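*Asks:* Provided herewith is a single structure, encoded as structure tokens, for subsequent inquiry.
The values are calculated or read from the model by the stated rules, or taken from the named source; none is laboratory data. Fair warning: this is a prediction, and the values are worked out from it, not measured in the lab. Cβ atoms come from the backbone with ideal geometry, glycine included; neighbour counts cover every protein chain shown.
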Amino acid sequence: MITGQNIQSGIQRQVKSEKYNAACVLSARRIITAIRFVAFMMAVLASVCVKAQTGLTGRTEIIDTTVVSATVDIRFDFKVNATNIDLTYRNNDAQLTKALARIDSMVLNPQMKVSRITVVGIASPEGTFADNKRLSTGRAEAFIRILKDRYSFPDSMYVVSAIPEDWEGMRSMLVGNDTIPYAKEVLTYLDRSESFTPYEREIRLKCFDEGRPYASMYKYVFPYLRRTLVTVDYDTEWLKRRYIEWQKQRQEIPVFANVKPIQSPQLNLVLPVPDISVPRKQRFVAIKTNLLGDAALCANLGVEVELWPHWSLDVPVWYSPYDITDRWRIRLLATQPEVRYWLKDAGERHYFGIHASVVGYNVSFNGDYRWQDPNKAAWGVGIGYGYAFHLDKAQRWSMEAQIGAGYIGYEYVKYHNTGRNGAEVSHGKGDYWGVTRAGFTIAYKFYADRKGRRWMKW
């Protein structure tokens with residue numbers, strides 16, 4: 001029997017059910033929105049918090065709401081009256097490698113869209129203004145030619161500018177610097193000579209105090225003013241679009257009287273330049289020698305070639321054709337090619353390898369017997385581990401420690417160790433399990449671009 005009480009109870013249950021369904025829908029929408037917002041903020045934080053690994057100093061500034069400008073300060077050393085970037089001169093090779101790595105981090109970042117690259121050539125104040133303008137412009141154009149050879153941007157994206165005489169740069173180097181002779185005197189002179197022409201400024205500085213302050217600037221300051229500034233403008237429209245989409249999604253959520261509205265986050269669009277880990281643009285070829293073999297008076301030379309990122313091939317050759325004494329001999333002709341997988345970039349830090357061994361031998365160790373292969377080399381396989389690190393900033397010299405173990409199968413003829421050829425004692429076969437590869441290796445590297453068009457300067 002249906003009563004008024006039953007009807008009222010049913011209505012209450014239906015209202016509760018509808019409220020529960022509405023709450024579930026609202027909760028689901030909130031969860032989806034929260035997930036999208038967390039993912040969005042993680043992308044922003046990833047771009048903000050990635051630490052630069054190149055060691056170059058730079059600055060980032062906002063241009064408008066969608067374009068960010070990142071400046072990289074590069075210093076190349078130039079010979080007198082020269083505009084070409086000589087990679088064999090002083091530290092230019094290392095500077096170029098670091099600069100390109102920094103620019104790669106911006107160009108190859110999928111979250112960035114590069115819109116313009118401005119290169120400013122800067123010259124020191126010595127010489128005439130016309131010559132300095134020619135030199136600063138030529139040096140900027142020289143670096144642009146390197147960028148054009150590396151990247152496929154249209155010519156319209158490159159802008160060349162020049163600062164023929166960097167008086168302001170000289171001032172910034174002298175402020176608060178007590179190590180440079182005549183720094184305070186030159187700062188006072190610069191403050192008093194702001195109205196002079198560049199020619200007058202230089203001539204009067206040369207004549208000031210019999211030219212001693214100018215000589216100090218020429219020696220300690222001018223070389224550091226010859227540099228290049230690279231400014232990369234990149235578009236952040238993607239960030240603005242993501243933020244607008246999130247706002248639209250938030251507005252679509254129904255807001256009830258008992259539900260607090262979601263507060264819009266305060267986003268800072270001034271982003272530092274993110275540096276992402278990118279593969280090197282060069283591959284290496286290393287010439288190396290094992291110091292343990294050298295210490296044992298066994299000549300050895302090896303070549304290691306980078307095959308792909310994280311992969312390399314190492315091929316050492318050991319050769320010892322002589323007797324140390326009448327009873328002590330280590331005659332070897334051996335090779336141990338090894339394929340290596342590097343956990344980081346090829347040639348840096350930890351690696352694991354698989355090697356093969358081929359050994360021809362005639363050995364005795366000051367005992368009564370010697371062992372010789374019967375014109376059939378011993379052979380084997382093994383696995384190894386190693387660690388390599390660079391010894392200089394240019395990453396030319398490196399040191400490597402390695403250890404490997406495996407199997408070697410061999411045949412032998414055993415002789416009495418008397419005179420040149422003692423009587424045969426026995427012959428047979430054997431199996432060896434144990435250490436098959438070990439050493440401390442020093443190497444020198446040459447670099448080539450991955451496209452194979454040219455070798456870098458040695």
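*Asks:* Find all pairs meeting these conditions: Cβ atoms under 6 angstrom apart; at least six residues apart or on different chains; first residue within the stretch 332-352 and of a type in the set (D, E); second residue assigned to a strand (DSSP E or B).
*Replies:* E338/D314; E338/G353; E338/H355
*Asks:* Now for a separate question. Which numbered condition in (1) closer than 20 Å to G434 by Cα; (2) surrounded by 16 or more Cβ atoms within 10 Å (Cβ to Cβ) is the only one that V358 fails?
*Replies:* Among (1) closer than 20 Å to G434 by Cα; (2) surrounded by 16 or more Cβ atoms within 10 Å (Cβ to Cβ), the lone unmet condition for V358 is (2).
*Asks:* Let me ask something additional. Which of the numbered conditions does W167 fail, given that it passes all the others? Conditions: (1) in contact (Cβ under 8 Å) with a residue 40 or more places away in the chain; (2) on the phi > 0 side of the Ramachandran plot.
*Replies:* W167 satisfies all of (1) in contact (Cβ under 8 Å) with a residue 40 or more places away in the chain; (2) on the phi > 0 side of the Ramachandran plot except (2).
*Asks:* Continuing with this model, one more query. Every residue in the stretch 412-440 that is in a strand (DSSP E or B) and exposed (fewer than 12 other Cβ atoms within 10 Å of the Cβ), please. Even if it seems obvious, please write down each step before you answer.
*Replies:* First, the residues of the stretch 412-440 that are in a strand (DSSP E or B): 412-416, 424-440.
Within the stretch 412-440, E424, S426, G428, K429, G430, D431, W433, G434 qualify.
*Asks:* Sticking with this one: In the stretch 138-151, is there at least one residue being outside any helix (DSSP H, G or I), at pLDDT 85 or above, under 23 Å from the mean Cα position of the chain (by Cα) and surrounded by 15 or more Cβ atoms within 10 Å (Cβ to Cβ)?
*Replies:* Of the stretch 138-151, the ones outside any helix (DSSP H, G or I) are 151.
Going one step further and asking which of them are at pLDDT 85 or above, we end up with 151.
Now narrow it down to the ones that are under 23 Å from the mean Cα position of the chain (by Cα): 151.
Remaining after also requiring surrounded by 15 or more Cβ atoms within 10 Å (Cβ to Cβ): 151.
Scanning the stretch 138-151, I find at least one residue that is outside any helix (DSSP H, G or I), at pLDDT 85 or above, under 23 Å from the mean Cα position of the chain (by Cα) and surrounded by 15 or more Cβ atoms within 10 Å (Cβ to Cβ), so the answer is yes.
*Asks:* I need the full set of residues from the stretch 282-308 which are of a type in the set (A, V, I, L, M), within 17 Å of E348 (Cβ to Cβ) and free of Cβ contacts under 8 Å to residues at least 40 places away in the same chain, in order please.
*Replies:* V305, L307, listed by residue number.
*Asks:* Here is a follow-up. Might you check whether a residue that is touching a strand residue (DSSP E or B) at 6+ places or on another chain (Cβ under 9 Å), in the same structural domain as A101 (by TED's automatic domain parsing), loosely packed, with under 15 Cβ neighbours inside 10 Å and in a strand (DSSP E or B) occurs anywhere in the stretch 117-133? Please lay out each step first, then the result.
*Replies:* Step one: filter the stretch 117-133 for residues touching a strand residue (DSSP E or B) at 6+ places or on another chain (Cβ under 9 Å), giving 117-123, 132-133.
Of the ones still in play, those that are also in the same structural domain as A101 (by TED's automatic domain parsing) are 117-123, 132-133.
Then drop every residue that is not loosely packed, with under 15 Cβ neighbours inside 10 Å, which leaves none.
No; the residues of the stretch 117-133 include none that is touching a strand residue (DSSP E or B) at 6+ places or on another chain (Cβ under 9 Å), in the same structural domain as A101 (by TED's automatic domain parsing), loosely packed, with under 15 Cβ neighbours inside 10 Å and in a strand (DSSP E or B).
*Asks:* Specify which of the listed residues (K414, K376, K393) is in contact with a helix residue (DSSP H, G or I) (Cβ under 6 Å, 6 or more places away or on another chain), at pLDDT below 90 and of a type outside the set (G, A, S). I'd like the intermediate steps shown before the answer.
*Replies:* Working: K414 fails: in contact with a helix residue (DSSP H, G or I) (Cβ under 6 Å, 6 or more places away or on another chain); K376 fails: in contact with a helix residue (DSSP H, G or I) (Cβ under 6 Å, 6 or more places away or on another chain).
The unique qualifying residue is K393.
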